[in-house]
Amino acid sequence: MATRPGPPPSGYPPPRGRPGTPPPREKSLQNSCLRILKERGLTGRKRHGDAYGVAGDPDLYFLCGRFHVEVELKRPGEEPTPLQRLRLAEWAKAGAITRVIHSTTEFRCFLDELPALIGAL
């Protein structure tokens, strides 16, 4: 007779995709987005929030053609802080394409839209 597995031992994260599990961490989304950029032949960089960086600057940046792109990553349901919105607006005013991304699916769609966005500029 087969037995059903019990809950994971304490200290282990719950399996992904189960109801009631928290959404992935922002760091996981960041790593996935960098991997997607690499798969598409683009080079992206992540910013580290430390004493040498500018507070509120977006999490990822990369070039698409000759255009600079700034991306703020947020977990599903979360929104950028007022300072992060201000930094995105500053980058946009300087000519960068900016976006707030909540998932890898949203990031892939954004990358698919980039040629049209660039063509409209």
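List of remarks:
- Answer residue from the stretch 59-82, given it is in a strand (DSSP E or B) and within 15 Å of the chain's Cα centre (by Cα) and is nearest to LEU37 (Cα to Cα) among those: PHE62
- Taken over the stretch 69-82, the criterion of being open to solvent by 50 Å² or more (accessible area, probe 1.4 Å), in contact (Cβ under 8 Å) with a residue 24 or more places away in the chain and of a type outside the set (Ser, Thr, Tyr) is satisfied by ARG75, PRO76, GLY77, GLU78.
- Close Cβ contacts (under 7 Å, 6 or more residues apart or on different chains) running from residues in the stretch 108-121 that are open to solvent by less than 70 Å² (accessible area, probe 1.4 Å) and aliphatic (A, V, I, L, M) to residues that are outside any helix (DSSP H, G or I) and modelled with pLDDT of 85 or more comprise LEU111/ARG40; LEU114/CYS64; LEU117/ILE97; ILE118/CYS64; ILE118/GLY65; ILE118/PHE67.
One line per residue, one yes/no per condition, for (1) open to solvent by 60 Å² or more (accessible area, probe 1.4 Å); (2) under 16 Å from the mean Cα position of the chain (by Cα); (3) basic (Lys, Arg):
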{"site": "THR43", "(1), (2), (3)": "yes, yes, no"}
{"site": "LYS46", "(1), (2), (3)": "yes, yes, yes"}
{"site": "TYR52", "(1), (2), (3)": "yes, no, no"}
{"site": "ALA55", "(1), (2), (3)": "yes, no, no"}
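- For the stretch 83-103, a residue qualifies if it is open to solvent by less than 20 Å² (accessible area, probe 1.4 Å) and under 18 Å from SER28 (Cα atoms), and exactly one does: ILE101.
- Sub-9 Å Cβ pairs linking a first residue in the stretch 83-95 that is closer than 24 Å to ARG66 by Cα and free of Cβ contacts under 8 Å to residues at least 40 places away in the same chain to a second residue that is surrounded by 11 or more Cβ atoms within 10 Å (Cβ to Cβ) and among the aromatic types (Phe, Trp, Tyr), at least 6 apart or interchain, are TRP91/TYR61; GLY95/PHE67, ordered by first then second residue.
Yes/no per residue for (1) touching a helix residue (DSSP H, G or I) at 6+ places or on another chain (Cβ under 7 Å); (2) at negative phi; (3) not small (Gly, Ala, Ser):
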| position | (1), (2), (3) |
| --- | --- |
| ARG75 | yes, yes, yes |
| GLU78 | no, yes, yes |
| PRO82 | no, yes, yes |
| ALA89 | no, yes, no |
| ILE97 | yes, yes, yes |
| PHE110 | no, yes, yes |
| GLU113 | no, yes, yes |
| ALA116 | no, yes, no |
| ALA120 | no, yes, no |
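- Scanning the stretch 104-121 for residues that are closer than 22 Å to LYS27 by Cβ and not hydrophobic (A, V, I, L, M, F, W, C) turns up THR104, THR105, GLU106, ARG108.
The values are calculated or read from the model by the stated rules, or taken from the named source; none is laboratory data. Quick caveat: nothing in here was measured; it's all calculated off a predicted structure. FYI the Cβ positions are ideal-geometry reconstructions off the backbone, even for glycines, and counts take in every protein chain you see. Note: areas computed on protein heavy atoms with side chains; ligands, DNA, RNA excluded. Shrake-Rupley method; radii C 1.70, N 1.55, O 1.52, S 1.80 Å.
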